[in-house]
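The values are calculated or read from the model by the stated rules, or taken from the named source; none is laboratory data. Predicted, not measured: the structure shown is a model, and the values here were computed from it. As a convention, Cβ positions derive from the backbone with ideal geometry for all residues, glycine included, and neighbour counts pool all protein chains shown. In case anyone asks, the SASA skips ligands and DNA or RNA and just uses the protein heavy atoms, side chains included. Shrake-Rupley method; radii C 1.70, N 1.55, O 1.52, S 1.80 Å.
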Amino acid sequence: MSIRGAIRRAAGGLIHRGWAAIRAAGTVSPANPAGYRFRRLGEGTCLSFPVGAIFGEAWIEIGEHTLVGERVSISAGMGPGVDLGPASIVRIGGSCSIGRGSHIVGHQSIDIGDHVFTGPYVYITDQNHVYDDPETPIGRQWPRNNPVVIGSGSWVGTGAIILPGTRIGRQCVVAGGAVVRGEFPDHSVIAGVPAKVVRRYVPGDGWLPPHLAGSRTQPAEQAGAVADGGTGGTGGNTGTGGDTGPAGAERVGAGPAGAAEHRLNTG
């Protein structure tokens, strides 16, 4: 190795060791709050350095052993120095992992359960601009809030956007790039723009598309009626009605697969 190469290698090693020391010193934790005054910062939790925009931390709670990645912004309210009332606004549970570059922007209520993992660059907010007045610039119309809930054990993929009013159940998967609004049951796979349920877990059968999952989880008395030769009516297994999820995302018996399911049920 040349003298020049040896010098570059030594300089590179010093730079990386120095950066590692800076990152360790800049990590925000209960032992090193770095001037932040969170309402709660659980034992074993850390916000990796460099941190993103953090403000309104007096209304932010983070549970134990949660890892927040680099450049993650977490905010409560429109800006620093605003009194937001007695209750917390952003609540992140224990043993979570928030991917680098993500944004969690709360104004009314964002509740993230325990053991929730996100990929990088996820955006979660409970506020959005409205466009009620077609003559006023949208950015100047007063925004509207709607609480957000993400159930424990869920995974939110890279680049997903969680919009105001969303309620995601427990143990759900949100696909990367999904734009999510609405209510989604436990054990769902949620994908698309706009997002809808594309799989549901049925005990004994595994993860099924919604038209099959709905037929296997229908009430016993409904299943009996179909088996006795009923036509299904609205909400039966013939493809008319039968919405079992948010915004009709789980329409039972829709299409040829639903007809096949009907034949199985009726013999």
Run the dipole for segment 48-100 about the Cα centre, Lys and Arg Cβ at +1, Asp and Glu Cβ at -1, nothing else charged, and hand back the magnitude in debye, nearest 20.
180 debye
Would you please put 200-210, 127-137 in order of how densely packed they are, using the mean number of other Cβ atoms within 10 angstrom per residue and starting with the highest?
200-210, 127-137
Determine, from the Cβ-Cβ distance of A58 and I15 and an R0 of 35 Å, the FRET efficiency 1/(1 + (r/R0)^6), rounded to the nearest 0.05.
0.40
For segment 118-197, what does the accessible surface come to per residue with a 1.4 Å probe? Please give it in Å².
51 Å²
